[in-house]
Amino acid sequence: MPQKLPESLQSALDHFKRLPGIGPKTALRFIFYLLKLPPGEIEKFSDSIRALLADVNFCAVCHGLSAALPCPICADPRRNRTQICVVAETQDIYAIEATREFAGRYHVLGGLLNPPDGIIPDKLKIKELLARLAKEPAGEIILAINPTIEGESTMLYLTNLLKSYSVKVTRLARGLPVGGDLEYADEITLRDALRGRREMM
Ligand code: ZN
């Protein structure tokens, strides 16, 4: 930035820049857009963010974000308990639910392994997955994780870990957009990837 920005603007900029895929230029565009909104709109925007804090929490069973605790999927007695679909983030649940192909339950890791960025196994909900399995054995763990470098190393780590549990571990079939997020896969691609899932070695 050529000149020093007012403190409030710099602070807003720093927050917007932390959003995924947002650089300083886009962050500034957002801020100027917000500043030009009709009176009251910025307040509504900030209220909605504040409400997130108050209303949305992590489900103690699957660790997905939810307003109700446990989340509606964990609380639904019609969902089968023999399949657990492991995903990186809560939004991946929405993508898989949209396929209407899966009737089991989920487990949200809260990210993918990335040791250079400090994301080691302890930072993910892996211990919680093992504790869940010990309490309530499942027949199949579906790793619905995108095949990025981090995704592959997370799947490998989990597969090795799960060897000592008598559970089948499967992964989605190929065909997902490589490097993209699961949430960006279209429903048909994701449904086919679920149907064609294969067992990990
Ligand atoms: Zn849940």
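Summary of values
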{"quantity": "Built amide H within the under 5 Å cut-off of LEU124, gap 5+", "calculated": "none"}
{"quantity": "Sequence-distant residues sharing a close amide H with LEU143 (under 5 Å, placed H)", "calculated": "VAL86, THR170, ARG171, LEU172"}
{"quantity": "Interchain or long-range residues, amide H under 5 Å from THR148's placed H", "calculated": "GLY179"}
{"quantity": "For peptides 85-91, 49-55, sequence by mean Cβ density within 10 Å, most packed first", "calculated": "85-91, 49-55"}
{"quantity": "Ratio of the Cα radius of gyration of segment 81-159 to 2.2 N^0.38 Å, where N counts its residues", "calculated": "1.07"}
{"quantity": "Cα-based equivalent ellipsoid of the chain: semi-axis lengths in Å, sorted from largest, via gyration tensor", "calculated": "36, 20, 17"}
{"quantity": "log10 of Debye I(q)/I(0), alpha-carbon scatterers only, for segment 98-201 at 0.11, 0.12, 0.13 Å⁻¹", "calculated": "-0.33, -0.40, -0.47"}
{"quantity": "Relative counts (whole %) of C-alpha pair distances in segment 60-115, using bins that are 5 Å wide", "calculated": "4, 20, 30, 29, 12, 4, 2, 0"}
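Read-outs: derived from the displayed coordinates by stated rules, not from any lab. For clarity, every value in this text was computed on a predicted model and none was experimentally measured. All Cβ positions, even for glycine, are placed from backbone atoms using ideal geometry, and neighbour counts span all protein chains on display.
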